[in-house]
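A.B. asks: Can you read through this structure? Questions will come right after.
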Amino acid sequence: QVQLVESGGGLVHPGGSLRLSCAASGLIFSKYTMEWNRQAPGKQREIVATISSAGSTNYADSVKGRFTISRDNAKNTTYLQMTSLNPEDTAVYYCNAVRRPLNFWGQGTQVTVSS
């Protein structure tokens, strides 16, 4: 059974930083593209960052230069380092493992940016 477990969310002041983690089990982690998505209240879910099995990364324009996605295949874990956070980054952040046609999601972790 595949499980993706996110952690690291919380409340942070504007300008602050957080690091999200996503621990995966039940799959061959190194073969999957890993994504971080987020969904803010009243908005559609959007892709924030992706990292391929080869380590190539892509970012949404809104987070370029502020967020960094990485992976540790030895630990079956992907990370999202978030800096210079602002209130528009407030959302539930979801980890997603993709190897088409397979697609697995975590339960999400709340990130709230507020003073």
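A.B. asks: So for the chain, taking the charge dipole from beta-carbon charges (+1 Lys/Arg, -1 Asp/Glu), which of Leu102, Leu4, Cys22 sits furthest toward the positive end?
C.D. replies: Selected residue: Leu102.
A.B. asks: Let me ask something else. Can you work out the accessible area per residue across the chain, with the rest of the protein chains kept in place, probe 1.4 Å, in square angstrom?
C.D. replies: Ligands and nucleic acids excluded, the figure is 52 Å² per residue.
A.B. asks: Still on this structure: So, with a 1.4 angstrom probe, what is the percent of accessible area on the chain that is carbon and sulfur?
C.D. replies: That share works out to 47 percent.
A.B. asks: In Å, the Kirkwood hydrodynamic radius of the stretch 70-115 over pairs of distinct alpha carbons?
C.D. replies: 12.5
A.B. asks: How many percent of the alpha carbon pairs in the stretch 52-96 exceed a separation of 14 Å?
C.D. replies: Of all Cα-Cα pairs in the stretch 52-96, 56 percent lie more than 14 Å apart.
A.B. asks: Across the chain, where is the longest run that never hits trypsin sites (Lys or Arg not before Pro) in a DSSP loop with at most 11 other C-beta atoms within 10 Å?
C.D. replies: 65-115
A.B. asks: What is the ratio of the Cα radius of gyration of the chain to 2.2 N^0.38 Å, where N is its residue count, to two decimals?
C.D. replies: With N residues counted in the chain, Rg over 2.2 N^0.38 Å equals 1.00.
A.B. asks: Let me ask another. Quick check: net charge around Ser30, other residues with Cβ under 15 Å of its Cβ, Lys/Arg +1 and Asp/Glu -1?
C.D. replies: Local net charge: +3.
A.B. asks: Please name whichever of Ser53, Gly65, Ala40 sits farthest to the positive end of the charge dipole of the chain, dipole taken about the Cα centre and charges placed at Cβ: Lys and Arg +1, Asp and Glu -1.
C.D. replies: Sorting the options by dipole projection puts first Ser53.
A.B. asks: Would you kindly find the accessible area of Ser70, with a 1.4 Å probe and non-protein molecules such as ligands, DNA and RNA excluded, rounding to the nearest 10 Å²?
C.D. replies: Roughly 50 Å² of Ser70 is accessible to a 1.4 Å probe.
A.B. asks: Using θ = phi - 60° and the Karplus form 6.51 cos²θ - 1.76 cosθ + 1.60, what ³J(HN,Hα) does each residue of the stretch 101-113 get, whole Hz, x for Gly and Pro?
C.D. replies: After applying 6.51 cos²θ - 1.76 cosθ + 1.60, I find x, 7, 7, 10, 10, x, 8, x, 9, 7, 10, 10, 10 Hz.
A.B. asks: When only the heavy atoms of the protein chains count and the probe is 1.4 Å, how do Tyr79, Tyr93 rank by accessible area, highest first?
C.D. replies: Result of the area sort, largest leading: Tyr79, Tyr93.
The values are calculated or read from the model by the stated rules, or taken from the named source; none is laboratory data. Quantities reported herein were computed from a predicted structural model and do not represent experimental measurements. Using ideal geometry, Cβ is built from the backbone for each residue, glycine included, and neighbour counts are taken over all protein chains shown. Side chains included, ligands, DNA and RNA excluded: accessible areas come from the protein's heavy atoms. Shrake-Rupley method; radii C 1.70, N 1.55, O 1.52, S 1.80 Å.
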